[in-house]
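> There's a structure below that I have some questions on.
The values are calculated or read from the model by the stated rules, or taken from the named source; none is laboratory data. Everything quoted here is computed from the prediction, not taken from an experiment. As a convention, Cβ positions derive from the backbone with ideal geometry for all residues, glycine included, and neighbour counts pool all protein chains shown.
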Amino acid sequence: MFFSSKTWPRTCLRVRAASLSLVTLMLVGASRVAAAADMTKPGMSTKAPVAPTYQWTGCYVGLNGGGGAIGTNFQTTVNPGTYLGVADAAEVSNDGTGSHDNSNFIGGGQVGCNWQSGTVVAGLEGDFDYFPGNSGFGNNTDTLPSSNTPFVIGQQLTTNYLATVRPRIGIAADRNFAYVTGGVAFTRASYTESYADNNGATGAATASSSLTGWTAGAGWEYALTDHWLFRVEYLFAAFPSTSAAGSIALGDANNSLHGTAGLVMQVARAGVNFKF
């Protein structure tokens, strides 16, 4: 194909324009291919940001409920006197000594604060629970050795609450927190000991007192959300004995009567807290 001298410059311009267009298309296509290749390179995929580890620092308030049991060790002492002789007094003392357990519902609330450093969480908590404990026993199968007179001796101890103030310390793994705890426990106990026999003699010894003891236990807590927490917990509490003094009497004849009741409590409960 031949070009005249007049058409050659226009033909060259057209060829150059076409060449530039072709080169531009090639560069655009290459850049798109490179971008697609970069997106498929291993290790270059995008990931959702990792959620921060849950922090337990803060204060909370909540409710709890579960089951509790009280255990009591009763002891009776009857001194020889003008009504019961040595053998009779010893028999009544022996039959009035024993132990008994009782369980019931427990429910209440708690408030506390936690401080976290690394994976270690320490805190302080106070709680108050309604706990209607009622433990007792009666012996009505024996007789006085000196006269074969049937007699009955019974003991009973009741409580109506359990309160504690306890430090807590444990290990946190994100939203899980396992801990041990121990501190001071409080309750109020009402104690009654009674005696009666077929001769018509009666006796009683009563006492009511607020008790301060110790408690220890363990638990596990889980953060359902940033503010709502669920927990399960076990506590053991022990208290000083409650003592009472009275007498057994028939007319002017009498014997002194002493009774004591030791008290322990066990609690298994679940609860929810709101963390501020």
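> Name the single residue, out of those in segment 250-263 being more than 12 Å from residue 78 (Cα to Cα) and of a type in the set (A, V, I, L, M, F, W, C), that is surrounded by the most Cβ atoms within 10 Å (Cβ to Cβ).
Result: 261.
> Identify all residues within segment 115-153 that are touching an Asp or Glu at 6+ places or on another chain (Cβ under 7 Å) and either small (Gly, Ala, Ser) or not assigned by TED's automatic domain parsing to the domain that holds residue 182 (or both); write none if there are none.
The answer is 135, 146.
> How about segment 136-166: which of its residues are touching a Gly at 6+ places or on another chain (Cβ under 7 Å) and of a type in the set (Ser, Thr, Tyr)?
146, 158, 159, 164
> Also: Which pairs do you get when a residue that is touching a residue at least 24 places away in the same chain (Cβ under 8 Å), found in segment 172-197, comes within reach of a residue that is of a type in the set (Phe, Trp, Tyr) and outside any strand (DSSP E or B), reach meaning Cβ atoms under 7 angstrom, with the pair 6+ apart or on two chains?
Listed by first residue and then by second, the contacts come to 172/56; 174/54; 175/54; 177/56.
> Which members of segment 210-231 meet the condition of being among the polar types (S, T, N, Q) and either farther than 22 Å from residue 161 by Cβ or buried (at least 16 other Cβ atoms within 10 Å of the Cβ) (or both)?
Scanning segment 210-231 gives 215, 225.
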